[in-house]
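The values are calculated or read from the model by the stated rules, or taken from the named source; none is laboratory data. Small disclaimer: the values here were computed from a predicted structure and weren't measured. Here the Cβ is made from the backbone with ideal geometry for all residues, glycine too, and neighbour counts use every protein chain on show. With ligands, DNA and RNA removed, areas are computed over all heavy atoms of the protein, side chains included. Shrake-Rupley method; radii C 1.70, N 1.55, O 1.52, S 1.80 Å.
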Amino acid sequence: MKRFRIVVLGLVLVLVAAMVLAGCGPKKQNAAPPGNQGTTTTGNQTGGKLKVGLILPGPINDNGWNATAYEGLKAMEKELGAETKYTENVSQSDQEEIFRNYGSAGFDIVIAHGFQFADAAKKVAAQFPKTKFVINNADLADNNLCSLVVDNYQMGFLQGAVAGILTKSNKVAAIGGEEMPPIRQTIEGFVEGAKYVNPKIDVKTAMTGSFSDVAKMKEMTTSLINQGVDVVMGDANQASLGAIQAAQEKKVLAIGYGSDLNNVAPDTVVTSAIQSWAKAMVSLGKIIQEGKYQPKVYYMGVKEGAVFLAPYHSFDSKISAEAKSKINQVVEDLKAGKIKIERQVTTK
């Protein structure tokens with residue numbers, strides 16, 4: 001009898017547990033987006049409150065590519081009063097599911113940080129017509145699907161213009177890392193910017209094939225300096241340090257890329273072209289919030305504050321007023337849209 005009561009009691013407990021789980025368990029299609037998430041609602045806005053989701057291929061604290069987008073998300077909270085969530089470390093196999101989770105949760109904007117999300121977005125976007133799906137660094141656009149690009153051409157153009165104005169040998173160089181569209185665009189922009197301010201300038205370009213090989217970048221840059229180049233720019237993530245090291249040893253000028261790199265070599269890095277995904281994401285958020293959205297590739301550059309030059313630091317007193325005036329004019333003309341840059345490469 002005692003054993004019978006124990007069995008009956010066990011069955012009752014199992015039944016109760018099953019009923020609780022059935023009542024509380026969420027349906028998968030309505031589940032909140034998985035992964036680490038942040039949520040904040042602040043400030044006022046001219047339009048309705050935005051719900052913005054961010055999908056990242058890596059962690060928000062990588063001090064690099066993923067961190068730049070997370071900064072943009074926080075800027076959208078602060079400047080647009082948006083309610084936000086993010087999902088980090090998203091693998092390719094999970095992309096479609098996470099896009100659907102955000103769409104099912106009624107998000108107004110879903111931003112995926114990288115062109116590798118393009119195929120998954122194309123499969124999912126049509127299922128959620130009220131959600132704007134944004135792919136950073138891509139070149140696709142269709143109905144509620146668009147791309148956001150911090151203008152690599154303008155980045156390179158600014159660097160090339162500075163090099164063309166500051167060179168004394170009339171020879172400058174731009175060296176990239178791996179052969180991929182964003183790098184190639186920067187190099188082509190550099191050539192165009194240098195020739196815009198100095199049509200007879202000799203612009204040398206090269207690719208090292210690596211984002212991590214500092215020694216190879218240094219070797220290649222040194223070779224170009226030995227050919228008479230006196231202003232160099234390296235666009236190769238960590239390997240870019242090799243270009244600065246070569247310039248420092250050979251006592252020529254270097255121009256930084258992405259962030260202010262003057263602290264790496266204060267007597268060598270004259271300025272840097274900086275890109276701000278925060279400014280770009282806020283600008284696109286405002287466009288969507290104000291009902292001005294169009295399915296297209298949104299290039300954000302100097303006009304939007306997404307591309308700008310770092311201070312000259314110790315070079316401020318070394319650069320002539322005439323040279324500064326010429327550089328400032330290029331910046332103002334880019335901002336006003338007076339300079340038309342030829343974009344020859346897609347972002348994919």
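What to note about this one:
- Selection from the range 312-338 of residues that are under 24 Å from Met281 (Cβ atoms) and not charged (D, E, K, R): Val331, Leu334, Ala336, Gly337
- Scanning the range 91-103 for residues that are in contact with a helix residue (DSSP H, G or I) (Cβ under 6 Å, 6 or more places away or on another chain) and not charged (D, E, K, R) returns Gln95, Phe99.
- Restricting the range 289-307 to residues that are open to solvent by 90 Å² or more (accessible area, probe 1.4 Å) and touching a Gly at 6+ places or on another chain (Cβ under 9 Å), the residue that is nearest to Ala265 (Cα to Cα): Lys303
- The range 92-106, subset surrounded by fewer than 24 Cβ atoms within 10 Å (Cβ to Cβ) and within 19 Å of Ile288 (Cβ to Cβ), residue nearest to the chain's Cα centre (by Cα): Gly103
- Scanning the range 59-73 for residues that are crowded, with 19+ Cβ neighbours inside 10 Å and in contact (Cβ under 8 Å) with a residue 40 or more places away in the chain returns Asn66, Thr68, Ala69, Gly72, Leu73.
- So Asn89, is it at pLDDT 85 or above, over 23 Å from Val124 (Cα atoms) and either open to solvent by less than 80 Å² (accessible area, probe 1.4 Å) or not basic (Lys, Arg) (or both): no
- Extreme residue, nearest to the chain's Cα centre (by Cα), among residues of the range 220-234 that are closer than 18 Å to Tyr257 by Cβ and either outside any loop (DSSP other than H, G, I, E, B) or free of Cβ contacts under 8 Å to residues at least 24 places away in the same chain (or both): Gly234
- Selection within the range 143-169: residues that are in a helix (DSSP H, G or I) and of a type in the set (S, T, N, Q). The member of this set that is nearest to the chain's Cα centre (by Cα) is Asn152.
- Filter result for the condition that a residue is in a loop (DSSP other than H, G, I, E, B) and without any contact (Cβ under 8 Å) to a residue 24 or more places away in the chain, over Lys292, Lys303: Lys292
- Taking first residues from the range 237-253 that are of a type in the set (Ser, Thr, Tyr) and partners that are at pLDDT 95 or above, the Cβ contacts under 7 Å between residues at least 6 apart in sequence or on separate chains come to Ser240/Met217; Ser240/Gly234.
Yes or no, residue by residue, for (1) more than 14 Å from Leu54 (Cβ to Cβ); (2) more than 16 Å from the chain's Cα centre (by Cα):
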site	(1), (2)
Ala112	no, no
Gln116	yes, no
Ile135	no, no
Ala141	yes, yes
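- The lone exception for Phe190 - which of (1) at pLDDT 95 or above; (2) surrounded by fewer than 24 Cβ atoms within 10 Å (Cβ to Cβ) it fails: (2)
- Within the range 112-139, considering residues that are in a loop (DSSP other than H, G, I, E, B), free of Cβ contacts under 8 Å to residues at least 40 places away in the same chain and open to solvent by less than 80 Å² (accessible area, probe 1.4 Å), the one farthest from Ile287 (Cα to Cα): Phe128
- Checklist (1) at pLDDT 95 or above; (2) closer than 14 Å to Ala310 by Cβ; (3) open to solvent by 30 Å² or more (accessible area, probe 1.4 Å) applied to Tyr257, failing item: (1)
Yes/no per residue for (1) open to solvent by 30 Å² or more (accessible area, probe 1.4 Å); (2) in a loop (DSSP other than H, G, I, E, B):
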| site | (1), (2) |
| --- | --- |
| Ala206 | no, no |
| Ala239 | no, no |
| Ile244 | no, no |
| Asn263 | yes, no |
| Pro266 | yes, yes |
| Ala273 | no, no |
